[in-house]
1. Report yes if some residue within the stretch 433-446 is open to solvent by 70 Å² or more (accessible area, probe 1.4 Å), modelled with pLDDT under 85 and either assigned to a loop (DSSP other than H, G, I, E, B) or not β-branched (Val, Ile, Thr) (or both); otherwise report no.
2. Restricting to the stretch 345-398, and then to whatever is among the aromatic types (Phe, Trp, Tyr) and modelled with pLDDT under 95, can you tell me which residue is farthest from Asn425 (Cα to Cα)?
3. Name the residue that is surrounded by the most Cβ atoms within 10 Å (Cβ to Cβ), counting only residues in the stretch 161-173 that are at pLDDT below 50 and either among the basic types (Lys, Arg) or outside any loop (DSSP other than H, G, I, E, B) (or both).
4. Which of (1) in a loop (DSSP other than H, G, I, E, B); (2) free of Cβ contacts under 8 Å to residues at least 40 places away in the same chain is the odd one out, the single condition Glu366 does not satisfy?
5. Within the stretch 127-160, track down each residue that is assigned to a helix (DSSP H, G or I) and either open to solvent by 20 Å² or more (accessible area, probe 1.4 Å) or without any contact (Cβ under 8 Å) to a residue 12 or more places away in the chain (or both).
6. Taking the conditions exactly as written (in contact with a Leu (Cβ under 7 Å, 6 or more places away or on another chain), surrounded by fewer than 24 Cβ atoms within 10 Å (Cβ to Cβ) and farther than 20 Å from Val203 by Cβ), does Tyr344 satisfy them or not?
7. Does any residue of the stretch 363-379 turn out to be open to solvent by less than 10 Å² (accessible area, probe 1.4 Å) and in contact with a His (Cβ under 8 Å, 6 or more places away or on another chain)?
8. Return a yes/no flag: does the stretch 273-296 have any residue that is farther than 29 Å from Ala396 by Cβ, open to solvent by 10 Å² or more (accessible area, probe 1.4 Å) and assigned to a helix (DSSP H, G or I).
Amino acid sequence: MTSNQQRAELQRQIWQIANEVRGAVDGWDFKQYVLGTLFYRFISENFASYIEGGDENVNYAALADDVINSDIKDDTIKTKGYFIYPSQLFANVAACANTNENLNTDLAAIFSSIESSANGYPSEMDIKGLFADFDTTSNRLGNTVSDKNTRLAAVLKGVAELNFGKFHENKIDLFGDAYEFLISNYAANAGKSGGEFFTPQTVSKLIAQLAMHKQETVNKIYDPAAGSGSLLLQAKKQFDDHVIEEGFFGQEINHTTYNLARMNMFLHNINYDKFHIALGNTLLDPHFGDEKPFDAIVSNPPYSVNWVGSDDPTLINDERFAPAGVLAPKSKADFAFVLHALSYLSAKGRAAIVCFPGIFYRGGAEQKIRQYLVDNNYVETVISLAPNLFFGTSIAVNILVLSKHKTDNKTQFIDASKLFKPQTNTNIITDEHITQIMDVFDSKNDIDHFSKSVENSAIATNDYNLSVSSYVEAKDTREVIDITKLNAELKITVAKIDKLRTDIDAIIAEIEA
């Protein structure tokens with residue numbers, strides 16, 4: 001079985017578990033149990049593999065808990081960030097799940113133990129609350145303890161039967177792929193709410209390549225609206241591990257999604273000391289100010305959300321917003337995220353940000369912010385994408401690429417709105433489409449109906465409008481009509497009609513005679 005076949009079969013099995021086991025529980029509510037169980041299995045196997053160190057004579061799961069001494073535990077937590085006793089491993093819990101009358105409370109105790117094992121260690125904040133959304137006592141699992149245990153046991157059994165192979169022998173990221181598959185499918189089925197925390201993989205690829213283009217190394221990569229971490233992880237997939245030297249940084253406002261992002265990091269084998277995900281409001285309580293600047297920033301912030309804006313007079317003095325001299329509108333925080341990203345960007349780096357198209361042509365405060373960006377030569381490229389690429393919205397969004405190291409005073413516009421492949425529920429952009437976009441992004445060549453670089457002075461005279469359609473002329477797909485040929489055809493047709501009328505008149509005259 002090839003890697004792709006193995007991946008496809010695994011994904012089919014996971015989705016079958018997710019649908020069959022949940023019963024009457026809403027899929028969106030049930031997602032944390034499937035995702036959480038998958039994560040529990042991953043860290044158990046990852047941990048056991050680390051302890052065994054490739055020695056086939058060591059079977060950590062078969063050991064008694066009391067053989068673990070404090071030195072072993074201490075050293076392991078310093079390296080892995082957490083500790084799991086043999087009896088707490090997924091395999092041991094799943095093996096007797098069907099007969100364990102205390103399954104739900106036992107699981108709650110195990111999750112609490114794993115989290116608390118990091119207390120007092122550098123990994124404490126990376127581990128704390130990881131299982132907070134895996135509530136084994138919730139009534140969503142059933143009204144009685146027996147109902148809860150039956151459903152939990154079914155999830156454990158289903159995930160246990162998934163064939164990941166031996167952990168250390170996996171050549172493809174089966175755990176990580178399975179996790180992203182579940183997240184993306186839940187996002188697709190949840191509609192708009194799903195799109196809030198997951199950027200489709202094909203778009204993520206493009207954004208990662210734009211942000212890291214021609215950078216042999218980046219100090220670190222940052223996402224100020226991290227969601228489930230898919231954009232950060234795509235950067236890891238696109239480039240060798242050593243390219244991102246100091247790790248992955250992100251902030252997320254939604255607590256459940258924040259936990260998903262941290263789990264996702266572990267699932268993609270990024271150790272606790274290489275990722276830093278913070279919980280909180282990026283615009284009002286930004287983290288990682290001491291870590292900036294960042295050589296690569298990727299982001300898909302929420303579109304046109306409300307924020308306090310001018311109701312907080314201190315924000316105009318914030319170093320992120322003050323240079324523009326105006327705050328983003330209270331009902332549309334889009335440019336607040338853009339200015340935040342710009343503030344965190346290094347002199348050699350790039351930021352690639354998914355944006356709602358309205359911010360590129362509306363007047364008022366948004367026009368003044370565009371003026372600030374253009375006059376200071378921060379806008380490298382604006383790319384218009386095809387519609388219906390994202391879960392829960394058919395909007396044709398744009399990607400804004402910011403740079404502080406441009407060598408000219410031009411802004412590039414790329415119309416990629418025709419580059420897509422239709423799918424059942426959404427469109428996708430293919431690797432060939434991404435290559436086509438990246439080639440012209442790199443060359444900055446003007447291509448009729450596709451790309452054009454425009455002097456910033458010309459943009460200024462156009463009210464700082466940054467809409468792609470204002471500068472890249474759309475191809476006229478209407479049928480070209482040859483008027484001379486059409487007139488000749490009409491003359492022939494008229495002559496035929498005249499002859500037919502003459503013939504009909506003759507026939508009628510003969511009948512009436």
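1. Looking through the stretch 433-446, none of the residues is open to solvent by 70 Å² or more (accessible area, probe 1.4 Å), modelled with pLDDT under 85 and either assigned to a loop (DSSP other than H, G, I, E, B) or not β-branched (Val, Ile, Thr) (or both).
2. Of all residues in the stretch 345-398, those among the aromatic types (Phe, Trp, Tyr) come to 356, 360-361, 372, 378, 390-391.
Still in the list and also modelled with pLDDT under 95: 356, 390-391.
Working: Phe356: 21, Phe390: 10, Phe391: 8 Å.
Across the stretch 345-398, the extreme among qualifying residues is Phe356.
3. Of the stretch 161-173, the ones at pLDDT below 50 are 167-168, 170-172.
Next, from what is left, pick out any that are either among the basic types (Lys, Arg) or outside any loop (DSSP other than H, G, I, E, B) (or both): 167-168, 171.
On the way: Phe167: 18, His168: 12, Lys171: 8.
Restricting to residues being at pLDDT below 50 and either among the basic types (Lys, Arg) or outside any loop (DSSP other than H, G, I, E, B) (or both), the top hit is Phe167.
4. (1)
5. So the first thing to find is which residues in the stretch 127-160 are assigned to a helix (DSSP H, G or I), and the list is 127, 139-141, 145-160.
Hits for the stretch 127-160 are Asn139, Arg140, Val145, Ser146, Asp147, Thr150, Arg151, Ala154, Lys157, Ala160.
6. Values: in contact with a Leu (Cβ under 7 Å, 6 or more places away or on another chain): no; surrounded by fewer than 24 Cβ atoms within 10 Å (Cβ to Cβ): yes; farther than 20 Å from Val203 by Cβ: yes.
Taking the combined requirement at face value, the residue does not satisfy it.
7. Just the residues of the stretch 363-379 that are open to solvent by less than 10 Å² (accessible area, probe 1.4 Å), to begin with: 366, 369-370, 373-374, 379.
Filter again for in contact with a His (Cβ under 8 Å, 6 or more places away or on another chain), leaving none.
No, that holds for no residue.
8. yes
The values are calculated or read from the model by the stated rules, or taken from the named source; none is laboratory data. What you see is a predicted model; the values in this text were computed from it and never measured. Positions of Cβ are backbone-derived with ideal geometry, glycine not excepted, and every protein chain shown enters the neighbour counts. Remember, those area values only see protein heavy atoms, side chains included, never the ligands or the DNA or RNA. Shrake-Rupley method; radii C 1.70, N 1.55, O 1.52, S 1.80 Å.
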